[in-house]
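The values are calculated or read from the model by the stated rules, or taken from the named source; none is laboratory data. Note that the structure is a prediction, hence the values are computed from the model and not measured. As a convention, Cβ positions derive from the backbone with ideal geometry for all residues, glycine included, and neighbour counts pool all protein chains shown.
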Amino acid sequence: MKGSIPEYKGVWTLGEQRGKEISSVSYELLAWGRGLADKLKTELSSVLVGHKISEENIQSLIHRGADKVYVVDHPLLEHFTPDGYGKVLKKLIEEYKPSIMIASATTIGRTVMPVLAAMIETGLTADCTGLDIEEGTGLLLQTRPAIGGNVMATIKTPEHRPQMATVRPKSKRPLPADNSRKGEVIKKEYPEDIYSSKVKFLEFVKDKTAEAPIQEADVVIAGGKGLKDGKNFKMLYKIAKLLDGAVGASRQAVDMGWIPYSHQVGLSGKTVSPRLYVAMGISGAVQHLAGMSSAETVVAINSDPDANIFKVSDFGIVGDLFDIAPVLISKLKEIKNQRK
């Protein structure tokens, strides 16, 4: 939005409620927001849009760092729609004028934030790995990988407000809950047309191949074209189960129909930031690397010693994954049995 920039104050985060539970990314965002707000010496607020939002969920955002929580609860908001949520957020921004608004790079954040940015005519930086405040100007510094993850770009929005960004899940630990914190709750109601959507919700179909979204997993075991056949993903599921992790995949594996798109890691898929990322039979195309480059530890297994994946791996095993995987499964089972 154009206008008098000094009018815009405060840092906002977009909370997410799945079913009746607050998503953990909402607390991660508050950790980012708290740091930004403290540097700017301003308020930190969270926005919660949905239906049947409990007082417990609202208070949990205050306990994790929010000074205010804006709540919009309506039956038409029970299921996420980009235009429905976008119109609500636009109304809130027009009324309260936050200087900064951040969301998580989840399916919801990645979908609604571009829609919202277009509605209010401001900029948006997606998939940030770092956020900071520029000394002197107070501008939001939005850092994200660029050129296939080969460089880090820092982006600013000097002339429009709010400054908007999505940040990768698992890029910051939530602040400890402080049940003694007090905050203000502001509940808003709007005309019915604000909640309406051009999207008709039909049904929710749970992905039965995934126990949890790969963006939230601490361990990701990913497979690529080197698996040779979709049925060989069974090995990865065994390893992931033993490590309490999730299964990821390269775009090639998804394109060949071996595994659903919800498992795809990369620029056109999901961005993950696990503590451990194991790449099996993945060559390491730049698009894939951009989706997992922020993993703490990367282990690569590939028969090609010149595979690009080894350039970003902390540990590399050159060999046939069909020889290595069974040994890995056996050893993990052995360790798990010893711990019982």
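Overview of results
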quantity: Meets criteria (under 23 Å from Pro114 (Cβ atoms) and out of contact with any Cys (no Cβ under 9 Å at 6 or more places or on another chain)) for Glu16; calculated: yes
quantity: Pair list, Cβ under 9 Å, 6 or more apart: region 46-64 residue over 21 Å from Thr81 (Cα atoms), other residue buried (at least 23 other Cβ atoms within 10 Å of the Cβ) and among the aromatic types (Phe, Trp, Tyr); calculated: Ser60/Tyr27; Leu61/Tyr27; Arg64/Tyr27
quantity: Subset of region 42-55 (residues that are charged (D, E, K, R) and either at pLDDT below 95 or closer than 11 Å to Leu14 by Cβ (or both)); calculated: Lys52, Glu55
quantity: Top-ranked residue in region 1-33 [being over 24 Å from Ala217 (Cα atoms) and buried (at least 20 other Cβ atoms within 10 Å of the Cβ); ranked as farthest from the chain's Cα centre (by Cα)]; calculated: Gly10
quantity: All positions within region 138-156 that are aliphatic (A, V, I, L, M) and assigned to a loop (DSSP other than H, G, I, E, B); calculated: Leu139, Ile147
quantity: Close pairs (8 angstrom Cβ cut-off, 6 or more residues apart or separate chains): under 16 Å from Leu116 (Cα atoms) in region 191-202, among the aliphatic types (A, V, I, L, M) anywhere; calculated: Ile194/Val88; Tyr195/Leu76; Tyr195/Leu77; Tyr195/Val88; Ser196/Leu76; Ser197/Leu76
quantity: Leading residue by the ranking (farthest from the chain's Cα centre (by Cα)) among those in region 218-231 that are farther than 18 Å from Val286 by Cβ and crowded, with 18+ Cβ neighbours inside 10 Å; calculated: Leu227
quantity: Residue ID - nearest to the chain's Cα centre (by Cα), chosen from residues in region 143-173 that are surrounded by fewer than 16 Cβ atoms within 10 Å (Cβ to Cβ) and farther than 26 Å from Thr122 by Cβ; calculated: Arg173
quantity: Any hit, region 207-228, residues being on the phi < 0 side of the Ramachandran plot, modelled with pLDDT of 90 or more, aliphatic (A, V, I, L, M) and out of contact with any Gly (no Cβ under 8 Å at 6 or more places or on another chain); calculated: no
quantity: Tally, over region 178-194, of residues that are over 17 Å from Ala37 (Cβ atoms) and exposed (fewer than 13 other Cβ atoms within 10 Å of the Cβ); calculated: 7
quantity: Residue ID - surrounded by the fewest Cβ atoms within 10 Å (Cβ to Cβ), chosen from residues in region 257-274 that are touching a residue at least 40 places away in the same chain (Cβ under 8 Å) and within 18 Å of Ile301 (Cβ to Cβ); calculated: Ile259
quantity: Failed item in (1) at positive phi; (2) within 25 Å of the chain's Cα centre (by Cα), with Trp258 passing the rest; calculated: (1)
